[in-house]
Amino acid sequence: MSDHFSFESAPFSELSATERTQVQDLATMAQFRPGEAILMPRGDPQPSLWVVHSGHVQQEEQGHVHVLAAGESFNWRAVLTGHNEASVMALDEVRLWQLPKETLLHLLASNARFSAKVFSEVAGQLADNEEMDQHRELLSLMLVRVRDAYLQKPFYVDGQLDLVSVCRLLSEHKTGNALVRDVQDGLERIGMFTTTDLRDALLQPTPPAQLAVRDVARFDLVTVAPDAELFDALLIMLRHRVHRVLVKDGDTIVGVLSQLDLMSFMSNHSHLIMLQAEQARSVTELQVAALQVDDTIKLLQRGGMRIEIISRLVSELNSQIFARLWALLAPPELVQNSCLLVMGSEGRGEQILKTDQDNALLLRDGYQHPHLADITQQFSAALLTFGYPPCPGNIMVINPMWCQNLGPFRQAIGQWVYADDPEGKMHLAIFMDARAVAGDATLLQNARNFAMNLTLGSDTFIGRMASAIDQFPEPSSAWWNRLPLLGSREPATFDLKKIGTFPIVHGARALALEYRLEALGTVERLQALANLKILSPALVRDLVETLRMLMALKLRNNLRQLSLGQDISNLVELSSLGTLDRDQLTDALGIIRQFKQFLRLHYRLET
């Protein structure tokens with residue numbers, strides 16, 4: 001790459017030949033190593049403009065983070081105002097042009113087109129930051145309670161009333177839904193009638209004036225408590241594919257929360273992604289929805305949303321996408337006679353950015369489909385175009401081992417338990433995180449109960465499975481001493497999964513299997529173990545905080561990797577971490593070490 005200053009990018013493309021010569025003569029080159037600070041807030045009494053020649057820098061100002069590449073400039077606001085509020089750090093080997101303030105002020109005064117471009121760029125940055133602030137403010141509203149949102153007051157109609165009369169009442173009260181009071185077998189029940197139900201009722205042979213509202217209303221209503229977080233209400237709507245939930249305080253109906261009312265509290269497009277997925281009529285249409293998930297994640301992370309909330313929301317969105325894709329590709333007969341599973345971090349609800357496909361298909365005994373192989377191949381191929389990479393261990397529906405009838409799959413579970421094969425222990429561990437997303441969930445429950453019964457009282461097997469916590473060596477106490485080796489060809493890294501989250505996740509999974517816990521999420525498993533007094537509340541609290549800290553660090557690291565055009569991985573470069581992150585990682589290793597020691601004693605792994 002040429003060392004000459006590039007005038008291809010705005011605003012420097014507006015300079016005359018004489019002005020370009022002046023800039024080229026006065027520009028000086030500076031070089032920075034990965035992780036090295038370039039600017040600190042209020043740290044430069046004589047601010048200069050910096051232009052990226054090669055590499056990438058990360059600029060953070062008042063909570064707003066931007067990654068800049070070749071041709072982009074930073075510090076314009078400091079040049080214009082004399083005050084710098086941003087911190088800038090090199091993400092890799094960076095070479096920068098530095099231009100003195102006096103030269104830039106002269107160019108601003110003498111070149112109107114150059115000046116217009118500069119002030120347009122600064123204004124654009126301010127607008128972007130203001131938009132992000134609005135997102136952050138609205139995201140915080142998602143943590144308020146349901147009772148604080150706008151709730152439609154209950155409007156009741158009698159179940160015997162005909163549809164024409166009901167519609168007249170809806171018009172008078174200017175509402176699109178009504179709660180239906182009805183008595184069945186001597187007991188009162190409450191249902192709901194909406195304009196969607198009216199559409200379906202008009203297709204029936206009975207005239208609306210003769211059709212009682214109770215015959216078309218829905219009585220399997222989804223409810224939420226007034227003290228639940230709005231986010232929980234959103235998840236319930238996503239999970240049950242409804243646009244309204246009944247808010248009940250005990251037996252008292254407080255009101256109705258609609259999705260339209262909830263949308264006013266939202267700063268992301270998760271509800272739109274869900275609607276797009278639900279209404280997709282082709283794989284191509286569904287792909288459009290799936291590819292928006294990562295943008296939603298970035299927005300939530302920038303807005304300060306807690307990592308556990310992000311992971312739960314993403315899990316629900318992914319489940320909707322997987323289920324819809326399966327419904328688009330598999331005929332109804334296949335859907336009814338099978339159960340589509342997601343496993344691993346996706347099954348536990350702990351995967352955020354798309355890392356790999358961990359899925360399987362259980363089929364009802366005796367059922368076969370002549371085109372099953374083609375359908376599963378299309379399913380995996382479509383997920384690939386949605387941004388879900390293949391599983392390195394081939395744990396996917398295209399693998400015959402993970403696409404079987406229930407009987408043969410139970411035999412495979414028996415082999416995992418009784419055969420002396422470490423691979424089988426990990427296969428069972430992965431399966432114990434399985435969650436049904438489409439089809440007949442009783443097939444999964446049958447296989448899961450079979451696995452639990454096989455391992456009941458088998459301390460030796462569970463101990464061998466738990467021993468995997470020691471398969472990755474711990475770093476030495478002086479592991480940060482590797483930092484001075486930044487000049488080496490291979491940067492010092494830390495594996496956030498192998499050394500960080502895996503011992504917590506796998507240890508909780510082994511204990512959950514031993515004590516026959518139905519919970520799938522690691523946090524839920526740990527909390528259940530604390531309730532059973534297997535683990536101390538203090539240790540569980542520390543493990544939960546550690547797990548969430550590592551997940552948040554992994555998300556930040558993955559977003560950084562994406563901005564640099566790198567593949568997503570679990571490796572974080574130590575040079576990219578600040579002092580606080582290093583201190584937290586050191587504390588996390590101590591807590592993980594304490595948990596591993598408990599597991600070694602509990603399962604007698606030392607012997």
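Considering (1) assigned to a helix (DSSP H, G or I); (2) in contact with a helix residue (DSSP H, G or I) (Cβ under 8 Å, 6 or more places away or on another chain); (3) more than 27 Å from Asn570 (Cα to Cα), say which one Gln377 fails and leave the rest.
(2)
Can you pull out the residues in region 166-213 that are surrounded by fewer than 12 Cβ atoms within 10 Å (Cβ to Cβ) and assigned to a strand (DSSP E or B)?
Within region 166-213, Gln184, Leu187, Glu188 meet the criteria.
For the condition touching an Asp or Glu at 6+ places or on another chain (Cβ under 7 Å) and either among the hydroxyl-bearing types (Ser, Thr, Tyr) or surrounded by 14 or more Cβ atoms within 10 Å (Cβ to Cβ) (or both), what is the one hit in Ser54, Ser87? Steps first, answer last, please.
Details: Ser54 fails: touching an Asp or Glu at 6+ places or on another chain (Cβ under 7 Å).
From the options Ser54, Ser87, the qualifying one is Ser87.
Would a scan of region 396-415 turn up a residue that is charged (D, E, K, R) and either in contact with a strand residue (DSSP E or B) (Cβ under 6 Å, 6 or more places away or on another chain) or farther than 22 Å from Lys497 by Cβ (or both)? Outline the logic, then answer.
In the first step, residues of region 396-415 are kept if they are charged (D, E, K, R); the result is 410.
Restricting the remaining residues to those that are either in contact with a strand residue (DSSP E or B) (Cβ under 6 Å, 6 or more places away or on another chain) or farther than 22 Å from Lys497 by Cβ (or both) gives 410.
The answer is yes; a qualifying residue exists.
Hey, Arg489 hits all of (1) at pLDDT 85 or above; (2) basic (Lys, Arg); (3) part of a loop (DSSP other than H, G, I, E, B) but one; which does it fall short on?
It is condition (1) that Arg489 fails.
Could you count how many residues in region 508-534 are crowded, with 21+ Cβ neighbours inside 10 Å and farther than 23 Å from Ala436 by Cα?
Going through region 508-534 one residue at a time, the tally reaches 1.
Is it true that Ser575 is small (Gly, Ala, Ser), within 22 Å of the chain's Cα centre (by Cα) and either surrounded by 15 or more Cβ atoms within 10 Å (Cβ to Cβ) or in the same structural domain as Leu353 (by TED's automatic domain parsing) (or both)?
Values: small (Gly, Ala, Ser): yes; within 22 Å of the chain's Cα centre (by Cα): no; either surrounded by 15 or more Cβ atoms within 10 Å (Cβ to Cβ) or in the same structural domain as Leu353 (by TED's automatic domain parsing) (or both): yes.
Criteria not met by Ser575.
From the residues in region 1-51 that are loosely packed, with under 15 Cβ neighbours inside 10 Å and assigned to a strand (DSSP E or B), which one is modelled with the lowest pLDDT?
My answer is Ala37.
Just name the residue that is modelled with the lowest pLDDT out of those in region 70-90 that are not hydrophobic (A, V, I, L, M, F, W, C) and not in a loop (DSSP other than H, G, I, E, B). Outline the logic, then answer.
Here is the first cut: in region 70-90, the ones not hydrophobic (A, V, I, L, M, F, W, C) are 71-73, 75, 77, 81-85, 87.
Filter again for not in a loop (DSSP other than H, G, I, E, B), leaving 73, 77, 81, 87.
On the way: Ser73: 87, Arg77: 78, Thr81: 73, Ser87: 81.
The qualifying residue modelled with the lowest pLDDT is Thr81.
State the number of residues belonging to region 510-523 that are part of a helix (DSSP H, G or I) and over 16 Å from Thr546 (Cβ atoms).
At the first step, the residues of region 510-523 found to be part of a helix (DSSP H, G or I) are 510-514, 522-523.
Then keep just the ones that are over 16 Å from Thr546 (Cβ atoms); that gives 510-514.
Adding up the residues that qualify gives 5.
Identify all residues within region 45-96 that are of a type in the set (Asp, Glu) and within 24 Å of Gln24 (Cβ to Cβ); write none if there are none. Write out each step before concluding.
If we filter region 45-96 for residues that are of a type in the set (Asp, Glu), which is where we start, we get 60-61, 72, 85, 92-93.
Selection gives Glu72, Glu93.
Quick check on region 96-137: of everything there that is in contact with a helix residue (DSSP H, G or I) (Cβ under 6 Å, 6 or more places away or on another chain) and hydroxyl-bearing (Ser, Thr, Tyr), which residue is modelled with the highest pLDDT?
Only one residue fits best here, namely Thr103.
The values are calculated or read from the model by the stated rules, or taken from the named source; none is laboratory data. Just so it is clear, the model here is predicted, and its values are computed rather than measured. Neighbour counts run over all protein chains shown; Cβ positions are idealised from the backbone, glycine included.
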